[in-house]
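The values are calculated or read from the model by the stated rules, or taken from the named source; none is laboratory data. Quick caveat, the model's predicted, so the values are computed rather than measured. Neighbour counts run over all protein chains shown; Cβ positions are idealised from the backbone, glycine included. These accessible areas exclude ligands, DNA and RNA; they are computed on the full protein's heavy atoms, side chains included. Shrake-Rupley method; radii C 1.70, N 1.55, O 1.52, S 1.80 Å.
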Amino acid sequence: MDKKTLSWIEIDRKAIENNIANLTKLAGPKVAIAAAAKANGYGHGLPEMVTILHRTEVPYLALHSTSEAETARAAGWERRIMLVGGVAPDDLDALVRLDIEATVFEPSIIEKLGRLSKKSKLTVPIHLKLETGTHRQGLTAKELAKVAALLKKYPEISVAGVSTHFANIEDTTDHSYARNQLKEFKRLVSELKKAGIKPRMRHTACSAALLLFKNTYFDLVRPGISLYGYWPSKETYVSYRLGGGENSILKPALSFRSRITQIKTVEADSFIGYGCTYRTSSRSRIAILPVGYSDGIDRRLSNLGYVLIKGRRAPIRGRVCMNLIMIDITDIPGVKLYDPATIIGCDGSETLSADTHAGWSQTISYEILARLSPLLPRYVV
Ligand SMILES: *Cc1c(COP(=O)(O)O)cnc(C)c1O
């Protein structure tokens, strides 16, 4: 990256293409892929993901909101969009205007949508989400009769899909809960069929299901984290390997870097940063990086995390500030002003992954990636 940029995110297009190719192979030729790209493409940048996905055969984007769908359309995405997060009751015209398929988990929205589509004489495709044990979004078994009646009343609404989402598939190596959800899903789908509703597609699989269980694929799979090169969890990786799965099918695609904007020598017994939480024990060389918690670096990394400079680990000293961190480079010779530092990514033989950050912050890679600031410039490399 040229020196006009102080902090940036790089997206490795080949890594994403590799992940999509391997996941497509796993899914097989009859199963469509909906690339989950909510939360700004898991922090990778939604417009950048649109650019990358355009070069693949992926037919669907799975997004959270109509505003994300606006962004994807503005970036030139012309294929299908599935909204997994639902739609505001008065924003139904956005579905038609943006040509998107909303997930419906609330009967009253079918009534609203029905009236709209009848008035406009347009067919509106939806996905019915079924409650199978996650107790998040989903139509319960009791609501299905009402749903069927509404769908009869409004033939303009076409059921593009029927779906569910697993509660306990990535957090465990015991998959009995997921098996029960799958059973319940099949039962509810046959209930719908009896009521005369035949969805074009059935879909249940997130990354963990796609990586582990062929019987969850049905007609379409919805991988997110794996597209970006991360395993949903250690448990998923272990289960996959125990099942004889090939190693290294996923390559992380994102790097987050920033340039040193100041280097200073600090005498022994000096305090560094807000709250004077760090005191030097000897004369130290401190580098300043213009990134902080507003960029997505967890404040819990204060006096705990490190970054990579010249392929070496440089510890964070003092508290993480809103847009700055202080780094100890005393033991790394030859560091100059504007040298790049790696916050997430590889440098030489060292790697700091989103999983490394997740370990430091006691969270998951998903959160680390999703909260990378949308203000950071993204470059597809
Ligand atoms: C985000 C999301 C996914 C993708 O999950 P991953 O674990 O990232 O693969 C799949 N389905 C739904 C409904 C989602 O919201």
remark   = Amide H neighbours of Ser353 at under 5 Å, excluding residues fewer than 5 places away on the same chain, with H built from the backbone geometry, are Gly345
note = Whole-percent carbon and sulfur contribution to the accessible surface of region 196-249 (1.4 Å, no ligands, DNA or RNA) stands at 51 percent
query = Alpha carbon centre of region 56-92 versus region 241-283: separation in Å?
reply = 35 Å
task = Quote the accessible area belonging to Thr5 in square angstrom, nearest 10, computed with a 1.4 Å probe and with ligands, DNA and RNA left uncounted.
result = 20 Å²
key: Within region 66-97, GluC sites (Glu not before Pro) in DSSP loop having at most 13 other beta-carbon neighbours inside 10 Å   = Glu78
inquiry  = Strictly over 23 Å apart at the Cα level, which of Lys25/Lys129; Lys129/Lys194; Lys194/Lys214 would you flag in this model?
reply    = Lys25/Lys129; Lys194/Lys214
task = May I ask you to list the aspartates and glutamates whose Cα is less than 15 Å away from that of Lys264, ignoring any residue fewer than eight positions away on the same chain?
result = Asp328, Asp331, Asp339
query = Just the accessible area for Arg202, please: 1.4 Å probe, Å², rounded to the nearest 10?
reply = 90 Å²
Accessible-area composition of region 254-352, carbon plus sulfur, in percent [1.4 Å probe] = 49 percent
query = What is the local net charge at Phe256, summed over the other residues whose Cβ is closer than 9 Å to its Cβ (Lys, Arg +1; Asp, Glu -1)?
reply = -1
ask   = Tell me, what is the per residue accessible area of region 281-381 in Å², probe radius 1.4 Å?
value = 45 Å²
request  = Using a Gaussian network model of the chain whose springs link C-alpha atoms within less than 10 Å, name the residue from His135, His127, His64 with the highest mean-square fluctuation.
outcome  = His135
query = What accessible area per residue comes out for region 14-97, rounded to a whole number of Å², with a 1.4 Å probe?
reply = 41 Å²
ask   = Pick from Leu63, Leu324, Leu242: which is most flexible by mean-square fluctuation in a GNM of the chain where alpha carbon atoms under 10 Å apart are linked?
value = Leu242
Heavy atoms of Met322: accessible area, 1.4 Å probe, square angstrom to 10 = 100 Å²
About the Cα centre, charge dipole magnitude for the chain (Lys/Arg +1, Asp/Glu -1 at Cβ), debye = 720 debye
ask   = Which whole-angstrom value gives the distance between the alpha carbon centres of region 116-169 and region 323-343?
value = 53 Å
task = Convert each backbone phi in region 319-327 into a coupling constant with the Karplus relation 6.51 cos²θ - 1.76 cosθ + 1.60 (shift: θ = phi - 60°), then list the ³J(HN,Hα) values in order as whole Hz, x for Gly and Pro.
result = 7, 5, 8, 4, 10, 9, 9, 10, 10
key: the chain: most fluctuating residue of Glu267, Glu246, Glu156 per GNM, C-alpha cutoff 10 Å   = Glu246
ask   = With every protein chain kept in the model, how would you rank Cys276, Cys206 by accessible area, 1.4 Å probe, largest at the top?
value = Cys276, Cys206
